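Input: a single structure, listed below in structure tokens.
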């Protein structure tokens with residue numbers, strides 16, 4: 001994105017801008033050294049004006065003045081996807097998730113890779129508003145040893161395709177532990193690895209991305225809604 005703001009320039013900087021806009025009409029391929037000479041200033045001053053105008057660098061600025069195509073870095077559809085998710089957000093999912101939390105004394109938050117970071121974040125937020133025992137983990141063996149009939153095990157996964165949670169689920173059920181999976185993308189196989197499946201979004205990320213390459217933005221939005229509702233309920 002580029003935001004060209006001429007009002008952000010002072011009098012001297014506007015003179016530099018006006019001088020260069022005139023020079024490009026008759027002189028091709030003006031180098032930054034020439035630009036500084038034409039304007040009677042330093043090269044660093046030219047660079048400062050360019051950045052202040054909103055351009056990434058001098059080359060991009062000159063492409064603009066010469067009416068040439070400005071190169072734009074590749075961008076994903078992530079912002080559009082997040083907007084769709086927000087527009088389609090169902091607060092009932094938040095209410096159902098909170099109800100499940102309130103039914104248990106202990107909360108174990110589990111995830112592999114980036115999803116573990118999501119679990120850690122949720123752990124931190126829970127500690128700020130509740131005295132309920134909660135801990136984030138990424139080691140399946142430790143999870144198996146800590147579960148009991150008063151525990152809610154919450155598994156975060158973007159796709160459910162990186163690694164199966166079936167073994168964790170079966171072990172947890174032996175101890176009468178409730179298991180909930182919070183997944184961004186719908187994966188039918190996850191139904192067999194939990195008691196409650198919270199499917200957050202019907203807008204998938206690009207299929208060419210590997211599970212660890214996919215963003216966790218939607219998880220954080222969901223967590224913030226959960227935390228906000230928990231605070232309201234208090």
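Laboratory data are not the source of any read-out in this text; all were calculated from the coordinates shown. Keep in mind the model is a prediction, meaning the values are calculated, not measured. Note that each Cβ is placed from the backbone with ideal geometry, even for glycine, and that neighbours are counted across all protein chains shown.
Label-to-label distance for residue 217 and residue 233 is 2.8 nm, based on points extended 7 Å past Cα in the beta-carbon direction. Computed from the C-beta positions of residue 162 and residue 44 and an R0 of 41 Å, the FRET efficiency is 0.25 to the nearest 0.05.
Values of log10 I(q)/I(0) for region 143-211 across q = 0.24, 0.26 Å⁻¹ run -0.99, -1.12, by the Debye formula with one identical scatterer at each alpha carbon and no solvent.
Across region 67-167, counting alpha-carbon atoms alone, Rg and Dmax equal 18.2, 69 Å. In this rough spin-label picture, where each label sits 7 Å from Cα along the Cβ direction, the residue 129-residue 92 distance is 2.2 nm.
Inverting the pair-averaged 1/r between distinct Cα atoms of region 120-234 gives 15.1 Å as its Kirkwood hydrodynamic radius. Highest GNM mean-square fluctuation among 61, 198, 89, for the chain modelled with Cα contacts below 10 Å: 61.
Fewest-first ordering of 30, 129, 46 by other beta carbons within 10 Å of each residue's beta carbon gives 129, 30, 46. Computed over the chain, the percent of Cα pairs more than 26 Å apart is 53. Spin-label model, residue 207/residue 117: points 7 Å from Cα along the beta carbon direction are separated by 2.7 nm.
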